[in-house]
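One structure below.
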Amino acid sequence: MGTVFHLDIVSAEDSIYSGPAEFIIAPAMMGEVGVYPQHTPMLTRIKSGVVRIKAPLKEDEEIYVSGGMLEIQPDVVTILADTAIRGKDLDEAKALESKRLAEEAMKNKASKLEYARAQAELMEAMSQLAAIQKLRKRGH
C-alpha cells in the first residue's frame, strides 16, 4: 500500500496542480470527501469550495474550485474543475466587485437569460468570498 497518490487538478484554463499527495479533502456534492492512497474508485460531482492538499515535504495547499468532477482511482485522483484558483490567488476585492455587479444586473433583469447569468455570477462570487473567509480563519 503506497503512502502517496498522484493528484491532478485541472480547469478549462490551466493545470493548477499535478504531483504527489498524501491525502486531500474535496467538496463533493453530498459533503466533503477525504481521499487517501488506495481509496476505493469513485466518480462524483464537486461543488464550489476549497480542496485541501497534504503533499509530502510541502506546506498544505488550498485550491478553490467551482464545480466539476472528482475521479478517484487507487493511485490517481483527478479533479476536473469548472474554475480552479490557488487559495493564495483569490482576490477578495475582485469577488466583492463581481458580487456587486451581479446583484445590480439582477435588479435590472432585462431577460430571463440575463437574470440567470447574473444569478450564476452572484453564486460564484459568494462561493469565492466564503472560501476566502474559510482560508482566513485557518490563518492562510
Note on the stretch 32-56: residues open to solvent by 20 Å² or more (accessible area, probe 1.4 Å), farther than 15 Å from G68 by Cβ and either at pLDDT below 90 or not in a strand (DSSP E or B) (or both) are Y36, Q38, H39, T40, P41, P56
Note on the stretch 1-31: residues surrounded by 11 or more Cβ atoms within 10 Å (Cβ to Cβ), out of contact with any Gly (no Cβ under 7 Å at 6 or more places or on another chain) and under 15 Å from M69 (Cβ atoms) are D8, I9, V10, S11, I16, I24, A26, A28, M29
Among the residues of the stretch 70-85, the number that are within 16 Å of S11 (Cβ to Cβ), part of a strand (DSSP E or B) and open to solvent by less than 70 Å² (accessible area, probe 1.4 Å) is 7
Picked from the stretch 22-31 (must be in contact with a strand residue (DSSP E or B) (Cβ under 6 Å, 6 or more places away or on another chain) and assigned to a loop (DSSP other than H, G, I, E, B)), the residue nearest to D75 (Cα to Cα) is E22
Quick check on A120: is it within 27 Å of D8 (Cβ to Cβ), of a type in the set (A, V, I, L, M, F, W, C) and touching a Ser or Thr at 6+ places or on another chain (Cβ under 9 Å)? no
Of A110, A93, A131, the only residue that is open to solvent by less than 30 Å² (accessible area, probe 1.4 Å), modelled with pLDDT under 90 and either of a type in the set (S, T, Y) or over 18 Å from S18 (Cα atoms) (or both) is A131
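The values are calculated or read from the model by the stated rules, or taken from the named source; none is laboratory data. Owing to the predicted nature of the structure, the values given are computational and were not obtained by experimental measurement. FYI the Cβ positions are ideal-geometry reconstructions off the backbone, even for glycines, and counts take in every protein chain you see. Heavy atoms of the whole protein, side chains included, go into the accessibility calculation; ligands, DNA and RNA do not. Shrake-Rupley method; radii C 1.70, N 1.55, O 1.52, S 1.80 Å.
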